[in-house]
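Peer 1: Take a look at the following structure, please.
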Amino acid sequence: MSVVRLEIEYDGTRFSGWAEQPGRRTCEGVLAHALRVVLRTTIDLHVAGRTDTGVHATGQVASFVSGAEVDLRRLVKSLAGVLPPDIAVRSAATAPPGFDARASAIGRSYEYRVLVGARSPLRRDRVLHHPQPLDLQEMNVAAAACVGQHEFSAFTPTKTEHVFFARTVRDCAWEARGDELVLVIEADAFLRNMVRILVGTMLEVGRGSRPADQMRDLTAGAPRAAAGQTAPAHGLTLVGVRYPEPVDGAPILGAAE
C-alpha cells in the first residue's frame, strides 16, 4: 500500500469548480475518471483546496491511497494522454504514510491578478480588468491589516457551512507586475470566497471609496454586509500548498516555499 501525491495545474474557465457534481464538468470528476482509466480501479481523491467555478490552479495538490505500488513516471505520462488540455498532472510522488493532501496541509497560497488600464484580450480569462487607476499604497495598508489571526466572517457568504471564522494569514500584499496588480496571500486555510471578497473590498480602498483603516474593523468579526463585493473568480489562482517537513527533513512539497 502506498500514498501517491499529485501536483496539478488547471484552467478553471470551463470547470464547475473542483468538487465532483452530478451532470457537471469538474476538476475532480475529470481527474478521477482519468485515474480510473489509467489505474483500472476506483480511487478516493483528497485535495488540498476545493476551488470554485472559474478559479485556476498552478499548484493544486491531491492524494490517494493505492493498494499496489504505482509506477509514478508512467502514471504522469499516461494521464497526459487521457486528460483534456485544460487540466494536467505536472508531477507525482510517493508521500509518507498517513499523508493527506487536505488534512496534512498547513498553508495555501493564492494570487489574484488585476489588470489596470487597457484591457488585454489574451488575458481576459486570467485577470480582472480595472480600467481606472488604483492606489497601490492604500491597498497595501488594507492588506497588511489582514496579516495575523482574525475573524473573517465579513469575507464569506452569510449562508455557510463554516462554524469557526478565525483564520491565520501569514502573508498578504499587493505587488505591481508590469500593468497588473497582484494580491499574494497565504493562510493556514480559507473560508469560501474569502480571497475574492478581500479583493473586492480592497479594490474599493484602491478607488478611494473605502478607508484603508476600516479593514481592522472588518477583520474583527464584522458581518458580511460590511465588506465589499465578491470579485470575479477568473482572476484567482491557487499557486501553492505548504506542508510540514517529514522526519527525514525532506520537504513533502515546495510549491509554496
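The values are calculated or read from the model by the stated rules, or taken from the named source; none is laboratory data. All values derive from a computational prediction rather than experimental measurement. Because the Cβ atoms are built from the backbone with ideal geometry, glycine has one as well, and the counts that use them run over all protein chains shown.
Peer 1: Quick check on region 244-257. Is at least one of its residues over 18 Å from G107 (Cβ atoms) and at pLDDT 95 or above?
Peer 2: Within region 244-257, not a single residue is over 18 Å from G107 (Cβ atoms) and at pLDDT 95 or above.
Peer 1: Go through region 136-148 and give me each residue that's farther than 26 Å from H56 by Cα and exposed (fewer than 15 other Cβ atoms within 10 Å of the Cβ).
Peer 2: The answer is Q137, and nothing else.
Peer 1: Considering only residues that are more than 21 Å from A68 (Cα to Cα) and modelled with pLDDT of 95 or more, which ones fall in region 34-51?
Peer 2: Narrowing region 34-51 to residues more than 21 Å from A68 (Cα to Cα): 48-51.
The answer is A48, T51.
Peer 1: Checking D100 against (1) farther than 26 Å from E180 by Cβ; (2) crowded, with 16+ Cβ neighbours inside 10 Å; (3) in contact with a helix residue (DSSP H, G or I) (Cβ under 7 Å, 6 or more places away or on another chain), which single condition isn't satisfied?
Peer 2: Only one criterion is unmet by D100, namely (3).
Peer 1: If you don't mind, there's one more thing I want to ask. Could you please find all residues in region 194-230 being among the hydrophobic types (A, V, I, L, M, F, W, C), surrounded by fewer than 23 Cβ atoms within 10 Å (Cβ to Cβ) and in a loop (DSSP other than H, G, I, E, B)?
Peer 2: Answer for region 194-230, where residues must be among the hydrophobic types (A, V, I, L, M, F, W, C), surrounded by fewer than 23 Cβ atoms within 10 Å (Cβ to Cβ) and in a loop (DSSP other than H, G, I, E, B): A212, A222.
Peer 1: Filter region 178-209 down to residues that are touching a residue at least 60 places away in the same chain (Cβ under 8 Å) and charged (D, E, K, R) and give me whichever is farthest from T158 (Cα to Cα). Outline the logic, then answer.
Peer 2: Going through region 178-209, the residues touching a residue at least 60 places away in the same chain (Cβ under 8 Å) turn out to be 179-190, 192-193, 195-196, 199, 202-203, 205-208.
Narrowing the set further to residues that are charged (D, E, K, R) leaves 179-180, 186, 188, 192, 196, 207.
Working: D179: 34, E180: 31, E186: 23, D188: 21, R192: 10, R196: 15, R207: 26 Å.
Looking at residues that are touching a residue at least 60 places away in the same chain (Cβ under 8 Å) and charged (D, E, K, R), I get D179.
Peer 1: Given the condition under 21 Å from R242 (Cβ atoms), among the basic types (K, R), surrounded by 13 or more Cβ atoms within 10 Å (Cβ to Cβ) and assigned by TED's automatic domain parsing to the domain that holds P211, answer yes or no: does some residue in region 167-176 qualify?
Peer 2: Yes, region 167-176 has at least one match.
Peer 1: Name the residue, out of R113, R74, R40, that is out of contact with any Ser or Thr (no Cβ under 6 Å at 6 or more places or on another chain), surrounded by fewer than 22 Cβ atoms within 10 Å (Cβ to Cβ) and in the same structural domain as L181 (by TED's automatic domain parsing).
Peer 2: Values: R74 fails: in the same structural domain as L181 (by TED's automatic domain parsing); R40 fails: in the same structural domain as L181 (by TED's automatic domain parsing).
Matching residue, one of R113, R74, R40: R113.
Peer 1: Still on this structure: Please work out which residue is farthest from T58 (Cα to Cα), limiting yourself to region 104-121 and to residues that are assigned to a strand (DSSP E or B) and of a type in the set (D, E, K, R).
Peer 2: Narrowing region 104-121 to residues assigned to a strand (DSSP E or B): 107-116.
Next, from what is left, pick out any that are of a type in the set (D, E, K, R): 108, 111, 113.
Details: R108: 12, E111: 10, R113: 14 Å.
Looking at residues that are assigned to a strand (DSSP E or B) and of a type in the set (D, E, K, R), I get R113.
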